[in-house]
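Novice: Before we start, here is the structure in question, set down as structure tokens.
Computed from the coordinates by the stated procedures, all read-outs in this text should not be read as laboratory data. As the structure is a computational prediction, the values presented were derived from the model and not from experiment. Neighbour counts are summed over all protein chains in view; Cβ atoms, including those assigned to glycine, are modelled from backbone coordinates with ideal geometry.
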Amino acid sequence: MNWLKKHALEKPNKKFLNELTFKEVDRRVTDLAGRLAPFVKDETRVALYSRNSVEMVLFYLALQALHIEVFMMNTHLTPEERAKKLNVLNIKVAFSDDDTFLSFQRVFDAELDINVKCAEEYDPRHIAVIMDTSATTGEYKSVPLRWKQFFAHVDASQQTLRVTEKDNWLLVLPMYHISGLTILVRSLYNGTRVTLMETFEEEQVLKGIEEGSINMLSLVPTMLKRIVDRIHHHHLRVVLVSGEFIPRSLVETCLNKKIPIFKSYGMTETTSQSTTFCVSENPSKLNSVGIPLPGVTIRIHDPDPEGIGEVLIQSPMVMDGYLSQEPIEGWVNSQDLGYVDEEGYLYILDRRKDIIISGGENIYPQEIENLLYAHPHVSECALVGMKDEKWGRVPALFVVSTLGDEEIMNYLSKRLAKYKLPKRIIHLRSLPKNTTGKILKKNLEEMIYED
């Protein structure tokens, strides 16, 4: 089904993309496809290099109408990285919102080919998008996601989050990340509205929340943390929060303010969400990341005596495999360590690569980070391992705080075993993050040895 054309016929005057109606978006996409066709007539795969914009959405949808695979390129890549990606993916044509590649404006100004026929349906087997993993480790992998995976995702999400005619989902996460693009796809599938913003403008977001025009948010924890104390009146229905680490203190603040926070867990490789739940409906599970969405199965691989092991995921939403690599055999390894309780709730303890093994003892950074985030004078923090001749590795703490080292150590020593205490504390003005707000621990580890 081509959802855009369906909604353009059934609800032509309903707003879809900012102030544009479904009918207007459909008309613009059809027109753009006619102008795009000469640029992509010999191509099966192209790249989009753009910040969030209405034009970016139109280009993405027009390329889908032409059955062209789209690689969403991170706008923070260096020229060398961009050239390497295009070469590896064998992409000869790329479009951009500036003059880096073929500009959007050049295509909009091109002659219209009225004989171009747009696809009436999305082919389940067709690659809808190619995305790079977020590369918090420094290594990118290209993930192809087909419409069959998106079909499964939007159906499962609809069952879990439900849909109302008044839904208006804030799209501020970059669309070259899966968490951003799935907001667009879910809204397109559901026939509901999207408020698209290029960047996270706090005042504009808060105004939409206060006025009630925006009732659904998808944010990473660092974004929500910036505005949560300033949300006083709202009509929010869903606040979907995902990321590598969701501080307990942030969740508790949302519960106290009656903000409907849904914790979520997923990956690019699983077409975003694999688990979620509304915390206020089961606050006793506050530390978990939820239960599997319909069709999702979670398995703990090689569990220890406490049931902790690697989290494996299987579902119709899981990718077929990384580009140019062997297909996966049904299960994708998240590389996270966690466990599932007796009621099926998943708990993530940490990334396997982030676990600090000190003198044979496992130290889970998230445990210490959660304690620190509960302190009112700690804005950001991250615990990483550093080499130690005696213990192998010991914890090093990076923190954004007005507290001194002694105050931090006094606070932690009352709550943690001695071996978990940081052996070094490094104060920064802010912690390095990727474009979705995830803290880059690899960069922090490098700082230790550069010092």
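Novice: To test your reading of the geometry: what angle, between 0 and 90 degrees and rounded to tens, separates the Cα axis of helix 441-450 from the longest principal axis of the chain?
Specialist: 60 degrees
Novice: Given the options 368, 220, 251, identify the residue whose Cα lies farthest towards the positive end of the charge dipole of the chain (+1 on Cβ of Lys, Arg; -1 on Cβ of Asp, Glu).
Specialist: Checked the options; the winner is 251.
Novice: For segment 159-186 and segment 251-290, compute the distance between their C-alpha centroids and round to whole Å.
Specialist: Comparing the Cα centres of segment 159-186 and segment 251-290, I get a distance of 16 Å.
Novice: Okay, moving on. Hey, what did the chain get for relative contact order, percent, Cα under 8 Å, at least 6 apart?
Specialist: About 11 percent, as a whole number.
Novice: Report the label-to-label distance for residue 166 and residue 105 in nanometres (one decimal), using points 7 Å from each Cα along the Cα→Cβ vector.
Specialist: Computed distance between label sites residue 166 and residue 105 equals 4.1 nm.
Novice: May I pose another question? Too long at a 32 Å Cα-Cα cut-off: which of 15/442; 85/438; 15/148; 84/442?
Specialist: Too far apart for the 32 Å limit: 15/442.
Novice: I would also like to ask the following. Hey, can you grab everything whose amide H is under 5 Å from the amide H of residue 271? Only 5+ residues off in sequence or another chain; H modelled, so Pro and N-termini drop out.
Specialist: 319
Novice: To the nearest 0.05, how large is the calculated FRET efficiency for residue 413 and residue 341 if R₀ is 25 Å and r is the Cβ-Cβ distance?
Specialist: It comes to 0.25.
Novice: I've got another one for you. May I ask you to derive the FRET efficiency for residue 112 and residue 24 from their Cβ-Cβ distance with R0 = 22 Å, giving the value to the nearest 0.05?
Specialist: After rounding to 0.05, the efficiency reads 0.80.
Novice: Could I ask something else about it? Using a Cα-Cα cut-off of under 17 Å, which lysines could be cross-linked to residue 390, ignoring same-chain neighbours fewer than 8 residues away?
Specialist: Within the straight-line cut-off, residue 390 pairs with 418, 420, 423.
Novice: When a footprinting reagent is the concern and you count Cβ atoms within 10 Å, what order do 334, 280 take, fewest first?
Specialist: 280, 334
Novice: Residue separation times 0.36 nm, minus the C-alpha to C-alpha distance between residue 367 and residue 320: what's the value?
Specialist: 13.5 nm
Novice: Restricting the count to DSSP beta bridges whose residues both fall in segment 1-142, what percent are antiparallel, rounded to a multiple of 5?
Specialist: Beta bridges within segment 1-142, antiparallel portion: roughly 20 percent.
Novice: One-quarter of the Cα convex hull surface for segment 65-193, in nm²?
Specialist: 10.0 nm²
Novice: Quote the charge dipole size of the chain about the Cα centre in Debye, to the nearest 20; the model charges only the Cβ of Lys and Arg (+1) and of Asp and Glu (-1).
Specialist: 620 debye
Novice: Right, here's the next one. Label points 7 Å out from Cα along the Cβ direction at residue 204 and residue 31: separation in nm?
Specialist: 2.3 nm
Novice: Say the cut-off is 31 Å between C-alpha atoms; which of 166/263; 23/141; 11/258 go over it?
Specialist: 23/141; 11/258
Novice: Which order do the peptides 439-445, 209-215 come out in when sorted by mean C-beta neighbours inside 10 angstrom, highest first?
Specialist: Put in order of decreasing packing, that is 439-445, 209-215.
Novice: Calculate, for residue 44 and residue 78, the FRET efficiency according to 1/(1 + (r/R0)^6) with r their C-beta to C-beta distance and R0 25 Å; round to the nearest 0.05.
Specialist: 0.40
Novice: Using Cα pairs under 8 angstrom and six or more residues apart, how large is the relative contact order of segment 154-352, in percent?
Specialist: Worked out over segment 154-352, it gives 14 percent.
Novice: How large is ³J(HN,Hα) for each residue in segment 104-112, as worked out from phi by the Karplus curve 6.51 cos²θ - 1.76 cosθ + 1.60 (θ = phi - 60°), to whole Hz, x for Gly and Pro?
Specialist: 3, 4, 4, 6, 4, 8, 6, 5, 7
Novice: While we're here: Highest mean first, what order results for 173-179, 418-424 on Cβ atoms within 10 Å?
Specialist: The densest-packed peptide leads the list: 173-179, 418-424.
Novice: Do you know the relative contact order of segment 355-450, to the nearest whole percent, from alpha carbon pairs under 8 angstrom that are 6+ apart?
Specialist: Normalised by residue count, the contact order of segment 355-450 is 25 percent.
Novice: Now a separate question. What is the spin-label model distance, in nm, from residue 433 to residue 357 if the labels are put 7 Å beyond Cα along the C-beta direction?
Specialist: 3.2 nm
Novice: Tabulate in residue order the Karplus-calculated ³J(HN,Hα) for segment 51-58, using 6.51 cos²θ - 1.76 cosθ + 1.60 with θ = phi - 60°, rounded to whole Hz; enter x for Gly and Pro.
Specialist: 6, 4, 6, 4, 4, 4, 4, 4
Novice: Now for a separate question. Which translational diffusion coefficient, to the nearest whole µm²/s, is obtained for segment 355-450 from the Stokes-Einstein equation, given a Kirkwood hydrodynamic radius over C-alpha pairs, 37 °C and 0.692 mPa s?
Specialist: 242 µm²/s
Novice: Also, quick follow-up: Order of 347-355, 301-309, 105-113 by packing, highest average Cβ count within 10 Å first?
Specialist: By packing density, highest mean first, the sequence is 347-355, 105-113, 301-309.
Novice: Next question. For a quick check: with amide H placed at 1.01 Å from N, whose amide H comes under 5 Å from residue 380's, ignoring anything fewer than 5 positions away on the same chain?
Specialist: 400
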